[in-house]
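Data block below; observations after.
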Amino acid sequence: MSSPDAPVADPALVDRLRADLADADFGVARVEEVLGGVAADALHREQPVPALRALDRAAADDETTVTLVRAFLLGRPVTRGAVARALPRTGVDGLRALGLVTTAGEGDDDEARALVDLRPYAAVDGGGEVDWWIASDPGELATGHALRTDHVLGVGGASTTLAQATVRDPRGDVLDLGTGCGIQALHASRHAGHVVGTDVSTRALAYARFNAALAGVDLELREGSLLAPVAGRSFDLVVSNPPFVITPRGAGVPEYEYRDGGRAGDAIVRELVEHVGEVLAPGGVAQLLGNWEVRRGERWEDRVGAWLDASGLDGWVVQREVQDPAQYAETWLRDGGSTPDRDPQAWAARYGAWLDDFASRDVETVGFGLVTLRRPVSGAPSLRRLEEVTGTLQPPLGPAVAASLAAHDWLAVRDDAALAAEHLRVAPDVTEERYLTPGDPDPRVVLLRQGGGFGRAVQAGTALAGFVGACDGELSVGQIVGALGALLDVPAEQVAADVLPSVRGLVRDGLLLPS
């Protein structure tokens, strides 16, 4: 399958390009070395001036990196000769055949311009380090104008969040729903037997095919909306960074394929949550990002909780951010390349359309977060958790998500009597903080703080702090409870009633581990 204005995954030429990029050492570290920290950070903020100045100052022996950064990251013209020297195996003709560049003539000094954004990508997920090159459509920084409505997005903040949060234990069949440029599918390919990527966009699938070829990965790619392309199939893991943006449906408001799902309000996220179980195998996990509306007189937990109930699946939702309607409108107007300076009338009209759309449904805020769903191997769902975690997370988050699911299952088959026979130990990333008023012998507040994962801080009373302090794996839970009862001069049953619910929470969240 090919698509206009998208790369062509010619196997022989892609092999040459991969070899050229490797020989050029065109990686994240090398780019940052040539640009310097200040310019590299500015470029991440979509500010090109420091990078252009750094490239002008770069040494002659940095010509290859300078050429590639100028052409493929900044969208600036370079000469045919510079491109040929930077990528000699592929050559200018090969790059044109791949749909990556266009040229103004045939001479070495004639201008060549990149048609795509092609940049190094490095990350650490739950499976370890990854290092690829990812092609996508040039952004506003390179083109100087608003995005086209069929824009194919590269690796953004949402993509990184999902990749970091995805569980990475071995899986047979994995589905990347709404694959875009293919980044989630590439991550999944490292721990899956087979990966399917779907998208409504023919151009996105062309980019995903090219990126997979450049990474040396085999993907099955299917065109279509939501679950339709894989109806009747089952998967052990589904990941999705869906087009979840809540966009008003009306004239004058552009709809972007990569972010607008064609549904009113938050219906596309609701539909995915309620129906993704149709393609989940028993024990299969689905993880997706989403927005949800919070309407007047309701809590976000009630709205999203109703979706979980309708799904028939185990469900865990973490709300990470909340915006009011005006903040939300500004965020996504700017994301599409609209600014009040460029076209004040269009900005005002679209801004107003967003506010009117939210007002029509009494929307007061919009939440953003991560949804984790799981089909029980047998029986009814046993996990229903909705929480707000707005603090700093410690990537990769996927191992913490997997560990929490496993801890939930471990706790579910142990009543308090069975838990009393177990031995627990404090996780190695947990520290204790004590806050005292000067002169007081005892702390007013004791916090148990998690260094990794969700970075949770749990306030502990005297009994719980004493219990955790004794968890070194030697004594059983029941023995520690008994010792605390004797120390505090209260019945052991009272200590158990006080601390065991909190102990279960600490095990579930990874602060205490079965020994």
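The numbers here are math on the coordinates, done by the rules we state, and not lab data. Predicted model, so just to flag it, every value in this text is computed and none were measured. Counting neighbours? That spans all protein chains shown, and the Cβs are built from the backbone with ideal geometry, glycine included.
Karplus-derived 3J(HN,Hα) values for segment 265-281, using 6.51 cos²θ - 1.76 cosθ + 1.60 with θ = phi - 60°, are x, 9, 5, 5, 5, 4, 4, 5, 4, 6, 10, 5, x, 5, 10, 9, 6 Hz; glycine and proline are entered as x.
For the chain, the longest principal axis of the alpha carbon atoms and the long axis of helix 300-311 meet at an angle near 90°. Amide H contacts under 5 Å for G197: D176, E220, L221, R222, restricted to partners 5 or more places along the chain or on a different chain, H placed in the peptide plane at 1.01 Å from N. Of interest is the spacing of the C-alpha centroids, which for segment 489-515 and segment 377-395 amounts to 20 Å.
Can you give me the relative contact order of the chain as a percent, contacts being Cα pairs under 8 Å and 6 or more apart?
Working: 980 pairs, mean separation 54.6, N = 515.
Contact order relative to length: 11 percent.
Mind ordering 112-119, 221-228 by average Cβ neighbours within 10 Å, highest first? Write out the running numbers ahead of the final one.
Details: 112-119: 22.4, 221-228: 15.9.
Result, highest mean Cβ count within 10 Å first: 112-119, 221-228.
I need the GluC sites (Glu not before Pro) found in segment 54-115, filtered to DSSP loop residues with at most 13 other beta carbons within 10 Å of theirs. Working shown, then result.
Details: sites: E63, E106, E111; in loops: E106.
Here the GluC sites (Glu not before Pro) that fit, given the DSSP loop and packing criteria, are E106.
Annotation for segment 1-48: GluC sites (Glu not before Pro) lying in DSSP loop with at most 11 further Cβ atoms inside 10 Å of their Cβ are E46. Mind sorting out which of (i) 214; (ii) 154; (iii) 190 is the real volume of the Cα convex hull per residue in Å³ computed from the coordinates? The value computed from this structure is option (iii). Taking amide H atoms as placed 1.01 Å from N in the peptide plane, the amide H of A192 lies under 5 Å from those of R171, each 5 or more residues away in sequence or on another chain.
Averaging the Cα positions of each part gives two centres, and for segment 244-284 and segment 114-163 these lie 21 Å apart.
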